[in-house]
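Heads up: the structure comes next, in structure tokens.
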Amino acid sequence: MYEFISGNITELTPAHLVIENGGTGYFVNISLNTYSALNGKESAKVFIHQVVREDAHLLFGFAEREERELFRLLITVSGIGANTARVMLSSLSPVEIQRAIAGGDVDVLKGVKGIGLKSAQRIIVDLKDKLGKMTESAEIFTAADNTIRDESLSALIMLGFPKNAVEKVINRLLADGEITTVEALVKRALKQL
């Protein structure tokens, strides 16, 4: 099994890339998320998942290890193959997929080409528990505009406090308008939890 390939990108399209390493060019299937992350780069480290079938040996590549892990979870669901999982990761961001699964949002998953009602329901049932804790952290840490609220919420959840209780306390403290730093918000919240 390959873990990753580092090298020069000799060809990059929204569906695949060719990465040269040691004089060999590897054809790697990618998602649009990975394409966006690698676009404009001359070299890269691509995390790999290899699929071996009777008729082909395929490489699927991801710019981030987390996207590969989500891909691997998706292909464990009956009826979801590697190409369907790649289409899902091209249609939705990993965080959107995790939120849809954690929230039981069948409509978001059905919006992906090739995913019907039964497949969407099966994905949610099979992966909800596996993604539950991962999604809470991912929602907070991957946000581009990580605010004082989000950072404080993340810190308190990581300390083991329940998300619902933490959100109530943080929202109440922020409504006062006196707190301007993460440290101050966390200290005040800890006193009330």
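Observations on the structure shown:
- Residue match in segment 86-108 (condition: in the same structural domain as Asp129 (by TED's automatic domain parsing), over 18 Å from the mean Cα position of the chain (by Cα) and assigned to a helix (DSSP H, G or I)): yes
- Selection status of Ser31, outside the structural domain of Ala120 (by TED's automatic domain parsing), surrounded by 12 or more Cβ atoms within 10 Å (Cβ to Cβ) and within 22 Å of the chain's Cα centre (by Cα): yes
- All positions within segment 104-134 that are at pLDDT below 85 and buried (at least 19 other Cβ atoms within 10 Å of the Cβ): Leu131
- Filtered by the rule that a residue be in contact (Cβ under 8 Å) with a residue 12 or more places away in the chain and in a helix (DSSP H, G or I), segment 65-82 gives Arg65, Glu66, Glu67, Arg68, Leu70, Phe71, Arg72, Leu73, Leu74, Ala82.
- When residues of segment 112-125 are limited to those that are touching a helix residue (DSSP H, G or I) at 6+ places or on another chain (Cβ under 7 Å) and touching a residue at least 12 places away in the same chain (Cβ under 8 Å), the one nearest to Ser91 (Cα to Cα): Val112
Results for (1) within 17 Å of Thr13 (Cα to Cα); (2) acidic (Asp, Glu); (3) not assigned by TED's automatic domain parsing to the domain that holds Glu96, shown as yes or no for each residue.
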{"site": "Tyr26", "(1), (2), (3)": "yes, no, yes"}
{"site": "Ala37", "(1), (2), (3)": "yes, no, yes"}
{"site": "Asp55", "(1), (2), (3)": "no, yes, yes"}
{"site": "Leu74", "(1), (2), (3)": "no, no, no"}
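The values are calculated or read from the model by the stated rules, or taken from the named source; none is laboratory data. Note that the coordinates shown come from a computational prediction; the quantities given were computed from them, not determined experimentally. Note that each Cβ is placed from the backbone with ideal geometry, even for glycine, and that neighbours are counted across all protein chains shown.
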